[in-house]
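Everything below concerns the one structure shown next.
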Amino acid sequence: MRHRFLKENTIENAFKAICFLSILLPLVLIVVLIGDAVIDGWSRLSLDFLTGFPSRKPELAGFLPALVGSFYLMLLTSAIAIPLGLGAAIYLEEYAKPGFLTSLIEINISNLAGVPSIIYGLLGLELFVRMSHMGRSLLAGACTLALLLLPMVIMVSRESLRVVPNSLREAGFALGADQWQTIWKIILPMSIPGALTGIILSVARAIGETAPLITIGALTYVAFLPDSIHSAFTAMPIQIFNWISRPQTAFQTNAAAGIVVLLFLMLFFNALAIWLRARLQRKVYW
Amino acid sequence: MENESKNIFQSVKMRSENLKAWFGTHEVLHGITLSVPEKYVTAIIGPSGCGKSTFIRCLNRMHEVVPATKVLGSVYLDAIDIYKNSINPVNLRKKVGMVFQKPNPFPTMSIRDNVLAGLRLQGIKPYDAHATVEKALTQAALWDEVKDILNRPGLSLSGGQQQRLCIARTLALEPEVILMDEPCSALDPIATAKIEDLIQELKSKYTVVIVTHNMQQAARVSDVTAFFYLGELIEFDRTEKIFTTPKNRKTEEYVTGRFG
Amino acid sequence: MVIDLTEKQAFRERMIKALLFFCGMVSVLTTLGIVGILVFETWGFFQHVSFKQFFGDTQWTPLFTNQHFGIWALVSGTVLTSAVAIGTALPLGLLAAIYLSEFATKNFRLFVKPALEVLAGIPTVIYGYFALTFMTPFLQNFIPGLSGFNALGAGIVMGMMILPIIASLSEDAIYAVPPSLKEGAYALGANKLATIFKVVLPSSFSGIAAATILAISRAIGETMIVVIAAGQQPNFSFDPREAIQTMTAYIVQVSLGDTPTGTLAYQTIFAVGMTLFLFTLLLNLFAHHLRRRILKGHL
């Protein structure tokens with residue numbers, strides 16, 4: 001009896017170890033992935049790289065148009081997606097009455113979240129680039145990314161609105177505030193910290209999106225900074241992809257350096273989101 | 001009944017006529033006709049689920065805030081039917097304020113901002129904000145306790161203080177009627193006693209309607225008492241009559257604690 | 001009278017509501033836009049290409065003079081990379097979920113869950129680079145016949161990308177198993193392993209299945225990893241050592257050139273996009289259905 005108990009314990013420990021290794025492997029992989037990119041790209045990481053323009057000579061090629069393009073793209077995408085997403089979330093949580101139209105919108109959003117990003121690229125190509133005559137511009141790129149982002153922004157915003165207890169809505173009404181005043185002055189201030197974290201993370205994810213931008217035709221040689229929303233542009237992941245697909249290995253080094261910059265920014269946004277949440281939540285006394 | 005309490009009912013502030021209310025298809029009020037005397041305290045008692053909370057939520061049109069609800073009948077504030085189409089419930093609620101079961105100060109606001117919340121929500125800038133805050137908090141018997149900590153968050157106060165803050169928040173709007181939905185049910189006996197004293201003081205200026213499941217409380221604070229049972233108004237009279245010589249057998253059974 | 005409804009207030013409230021409703025409708029319009037555009041261009045495509053050419057052929061060469069439109073060449077590439085990805089991610093993700101929910105300490109969970117989120121948030125172009133410059137050379141040490149572009153390396157790295165989805169959603173499903181069930185098993189003298197395999201996993205089967213299906217759907221729609229590391233050769237083959245082309249990679253390939261509107265080449269990417277959209281839609285609806293069943297209390 002004692003013997004059998006021991007044996008069982010050994011098997012259980014072995015299983016536990018296998019489970020632990022399964023979770024360790026992906027974590028080790030992140031480290032390897034980052035290490036690989038840093039080692040490959042270290043020699044190119046310099047101020048010249050960050051402030052230079054693309055070039056046919058790999059040792060001269062720089063990342064500046066991609067950095068600036070991604071920055072503008074991020075601002076423009078946020079400016080479109082955040083108001084729309086927050087508005088939709090407020091409508092669904094605060095105004096919508098249960099019924100056909102509401103469930104249609106809800107099912108729609110959950111299905112859209114599962115549509116591959118490249119399909120959004122096809123939509124952007126036809127709807128924005130061709131039909132709306134935006135061309136392969138920053139605006140077309142931002143509109144495409146905004147639609148891609150929308151389901152995620154709506155979901156995190158709804159989540160954060162749901163956290164606000166109903167008694168506070170009633171308190172607002174009982175004080176003679178109408179629905180919008182209650183939402184604007186009581187509910188939003190309470191839910192914004194929660195929503196902000198999720199929104200920053202979704203925007204960060206949008207910066208890393210490549211496929212939809214390639215599909216709308218943004219992969220062009222851009223050796224200038226965009227000067228308006230109608231300007232052609234490049235972005236970090238597109239420039240990286242461009243360098244990866246060059247046959248000369250020297251360009252791979254550039255790609256690795258670009259990847260280090262992109263990864264750094266992604267980690268920065270993740271940290272920012274976590275820090276903001278902690279900081280803003282301290283202002284909300286529950 | 002009306003005869004004996006003539007002096008009290010000389011001036012009626014609010015009156016419901018054949019008021020019916022539903023949650024979905026479930027009718028919770030079966031035609032209530034009741035007069036609320038001006039500048040007196042009206043208590044509404046009855047076992048859980050008798051419709052007493054629904055009734056007072058109909059008095060400032062808060063019942064319709066919950067989805068899938070319905071109200072039929074009339075409620076008069078002075079001479080105006082508040083269920084008339086042209087009435088905006090939002091404006092009505094500035095005149096008929098409400099205090100809830102659990103204290104619910106706004107978590108993002110300081111004590112001062114909580115008092116001013118009603119005005120700020122409506123976008124009104126008070127002429128003298130400090131005077132408004134002091135007046136409301138004094139009326140709510142909270143001023144002395146919080147005058148030095150007005151910038152602290154409302155949630156830093158004790159439960160009883162929070163509830164008085166919520167009363168101050170309502171008073172800052174200078175309403176005519178104050179509805180209280182079991183305002184002491186989440187409080188300890190000492191905090192409850194303070195709120196009860198406060199209610200006594202409030203009736204010099206305001207008409208108060210209080211829902212309570214605590215019969216001693218109704219006996220202590222109210223001038224008239226309505227007994228609700230299963231969505232009907234069973235008996236409505238001067239409080240001492242309800243508790244000493246009730247006319248209805250159900251009322252007697254309830255106030256003597258035989259059910260509830 | 002003060003409490004009367006003012007025209008201005010009512011108008012403002014109506015305007016705000018209408019504006020917010022429009023925000024909500026944007027998502028519906030997006031879906032209509034996607035479906036409308038895909039259907040329109042695919043219809044144009046089938047004016048030139050018959051169903052038989054599309055479904056009855058295993059060669060895909062629409063950009064060559066000798067045109068073939070056999071979608072199976074692209075579908076096989078997609079299925080192959082996705083199968084490798086799921087083969088990698090399902091066992092690892094499930095074991096990771098078991099570890100997180102049954103063995104891990106609270107602090108370990110607090111550290112690992114955000115780390116997995118980071119893994120899921122890494123841009124796929126970076127995964128592609130990793131597959132091409134690290135995974136494939138690494139695998140070539142063990143598999144001599146592995147070509148520079150191949151389904152295996154891309155698939156394994158894609159598995160890493162979808163692993164957090166499986167781990168996180170499976171953990172939710174396992175976590176939702178009522179403790180009373182586990183206690184019942186322990187009370188019958190079952191040990192921890194038996195409880196996990198005979199009680200916990202069967203009870204959370206629907207949730208794990210839904211997680212897997214969502215992960216498959218993600219893998220099928222994944223683009224950059226396969227574009228960079230799996231090749232651009234439409235190849236009706238199930239040998240993971242070879243270069244292949246997925247549906248998504250084909251769309252990218254055409255997009256890299258300047259293809260004028262209205263040409264057959266332009267229409268092909270929408271026909272392929274339609275096929276891809278239908279695949280992922282069916283999988284998502286199935287996963288949705290499974291999760292709804294769980295919410296209703298079925299296991």
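The values are calculated or read from the model by the stated rules, or taken from the named source; none is laboratory data. These numbers come from a predicted model, not from an experiment. Ideal geometry is used to build each Cβ from the backbone, glycine not excepted, and the neighbour counts take in all protein chains shown.
Residue check: is B:L137 farther than 26 Å from B:D78 by Cβ, not aromatic (F, W, Y) and not in a helix (DSSP H, G or I)? Talk me through it step by step, then tell me what you get.
Numbers: farther than 26 Å from B:D78 by Cβ: yes; not aromatic (F, W, Y): yes; not in a helix (DSSP H, G or I): no.
Considered against the rule, which asks whether it is farther than 26 Å from B:D78 by Cβ, not aromatic (F, W, Y) and not in a helix (DSSP H, G or I), B:L137 comes out as no.
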Review point. Can you tell me which residue in the range C:126-165 is modelled with the lowest pLDDT, limited to those that are within 12 Å of chain A (Cβ to nearest Cβ) and farther than 23 Å from A:S22 by Cβ?
Key: C:G148
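Go through the range C:148-226 and tell me which helices (runs of 4 or more DSSP H), entirely inside it, have 1 or more residues that are surrounded by 19 or more Cβ atoms within 10 Å (Cβ to Cβ).
Values: elements: C:151-175, C:179-187, C:205-221.
Output list reads C:151-175, C:205-221.
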Practice item. State yes or no: is C:E242 among the acidic types (D, E) and farther than 23 Å from C:T61 by Cβ? Key: no
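Quickly run through the range B:180-229 and pick out the residues that are among the small types (G, A, S), surrounded by 24 or more Cβ atoms within 10 Å (Cβ to Cβ) and over 13 Å from the mean Cα position of the chain (by Cα). Break it down stepwise before answering.
Step one: of the range B:180-229, the residues among the small types (G, A, S) are B:185-186, B:191, B:193, B:204, B:218-219, B:222, B:226.
Add one more test, that the residue is surrounded by 24 or more Cβ atoms within 10 Å (Cβ to Cβ), and what stays is B:218, B:222, B:226.
Of everything in the range B:180-229, just one residue is among the small types (G, A, S), surrounded by 24 or more Cβ atoms within 10 Å (Cβ to Cβ) and over 13 Å from the mean Cα position of the chain (by Cα), namely B:A226.
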Check your understanding: Does the range B:48-96 hold any residues that are away from chain A (no Cβ under 12 Å), surrounded by 14 or more Cβ atoms within 10 Å (Cβ to Cβ) and of a type in the set (A, V, I, L, M), and which are they?
Key -> B:V71, B:V75, B:L77, B:I80, B:I82, B:I87
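Answer yes if at least one residue in the range B:143-152 is at pLDDT 90 or above and surrounded by 21 or more Cβ atoms within 10 Å (Cβ to Cβ), and no otherwise. Outline the logic, then answer.
From the range B:143-152, those at pLDDT 90 or above are B:143-152; that's our starting set.
Cutting the leftovers down to surrounded by 21 or more Cβ atoms within 10 Å (Cβ to Cβ) gives us B:146.
Yes, the range B:143-152 has at least one match.
Have a look at C:E7, C:E13 and point out the one that is more than 12 Å from chain A (Cβ to nearest Cβ) and either without any contact (Cβ under 8 Å) to a residue 60 or more places away in the chain or exposed (fewer than 15 other Cβ atoms within 10 Å of the Cβ) (or both). Let's see the steps before the verdict.
Details: C:E13 fails: more than 12 Å from chain A (Cβ to nearest Cβ).
Of the residues listed, the single one that is more than 12 Å from chain A (Cβ to nearest Cβ) and either without any contact (Cβ under 8 Å) to a residue 60 or more places away in the chain or exposed (fewer than 15 other Cβ atoms within 10 Å of the Cβ) (or both) is C:E7.
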Revision key, fill the gap. C:L19: passes all of (1) surrounded by 17 or more Cβ atoms within 10 Å (Cβ to Cβ); (2) over 27 Å from C:Y250 (Cα atoms) but (1)
**Study point:** Filter result (more than 7 Å from chain A (Cβ to nearest Cβ), within 22 Å of the chain's Cα centre (by Cα) and modelled with pLDDT under 90) within the range C:97-115
**Key:** C:K113, C:P114
Check your understanding: Restricting attention to the range A:69-95, which residues are over 16 Å from C:L19 (Cα atoms) and either surrounded by fewer than 18 Cβ atoms within 10 Å (Cβ to Cβ) or not assigned by TED's automatic domain parsing to the domain that holds A:I200 (or both)?
Key -> A:F71, A:L75, A:A79
Revision key, fill the gap. With criteria (1) closer than 27 Å to B:T132 by Cβ; (2) of a type in the set (V, I, T); (3) without any contact (Cβ under 8 Å) to a residue 60 or more places away in the chain, B:T256 comes up short on (1)
**Study point:** Residues (in a helix (DSSP H, G or I), among the hydrophobic types (A, V, I, L, M, F, W, C) and more than 8 Å from chain B (Cβ to nearest Cβ)) located in the range A:163-197
**Key:** A:W180, A:I183, A:W184, A:I187, A:L188, A:I192, A:A195, A:L196
Practice item. Starting from residues that are of a type in the set (S, T, Y) and part of a helix (DSSP H, G or I), keep the ones in the range A:40-57 and report whichever is farthest from A:T182 (Cα to Cα). Key: A:S43
Revision key, fill the gap. Residues of the range B:47-68 being touching a Lys or Arg at 6+ places or on another chain (Cβ under 9 Å) and at pLDDT below 90, in sequence order, are B:E64, B:V65, B:V66, B:P67, B:A68
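With the structure loaded, tell me whether C:P260 is away from chain A (no Cβ under 14 Å) and more than 25 Å from the chain's Cα centre (by Cα) or whether it fails that test.
On the way: away from chain A (no Cβ under 14 Å): no; more than 25 Å from the chain's Cα centre (by Cα): yes.
Against the criterion (away from chain A (no Cβ under 14 Å) and more than 25 Å from the chain's Cα centre (by Cα)), C:P260 does not qualify.
Within 28 Å of B:E27 (Cβ to Cβ), β-branched (V, I, T) and either touching an Asp or Glu at 6+ places or on another chain (Cβ under 7 Å) or surrounded by fewer than 22 Cβ atoms within 10 Å (Cβ to Cβ) (or both), is that true of B:T251?
Numbers: within 28 Å of B:E27 (Cβ to Cβ): yes; β-branched (V, I, T): yes; either touching an Asp or Glu at 6+ places or on another chain (Cβ under 7 Å) or surrounded by fewer than 22 Cβ atoms within 10 Å (Cβ to Cβ) (or both): yes.
So B:T251 passes the test.
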Practice item. Hey, could you check the range C:94-134 for residues that are of a type in the set (S, T, Y) and in a helix (DSSP H, G or I) and say which is surrounded by the most Cβ atoms within 10 Å (Cβ to Cβ)? Key: C:Y129
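A quick yes/no check of all residues on (1) away from chain A (no Cβ under 14 Å); (2) assigned to a helix (DSSP H, G or I); (3) touching a residue at least 40 places away in the same chain (Cβ under 8 Å):
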| position | (1), (2), (3) |
| --- | --- |
| C:F22 | no, yes, no |
| C:V39 | no, yes, yes |
| C:F45 | no, yes, yes |
| C:P62 | yes, no, yes |
| C:N66 | yes, no, no |
| C:T78 | no, yes, yes |
| C:I86 | yes, yes, yes |
Review point. Does B:E232 qualify as being within 17 Å of B:V36 (Cα to Cα), surrounded by fewer than 18 Cβ atoms within 10 Å (Cβ to Cβ) and touching a strand residue (DSSP E or B) at 6+ places or on another chain (Cβ under 7 Å)?
Key: yes
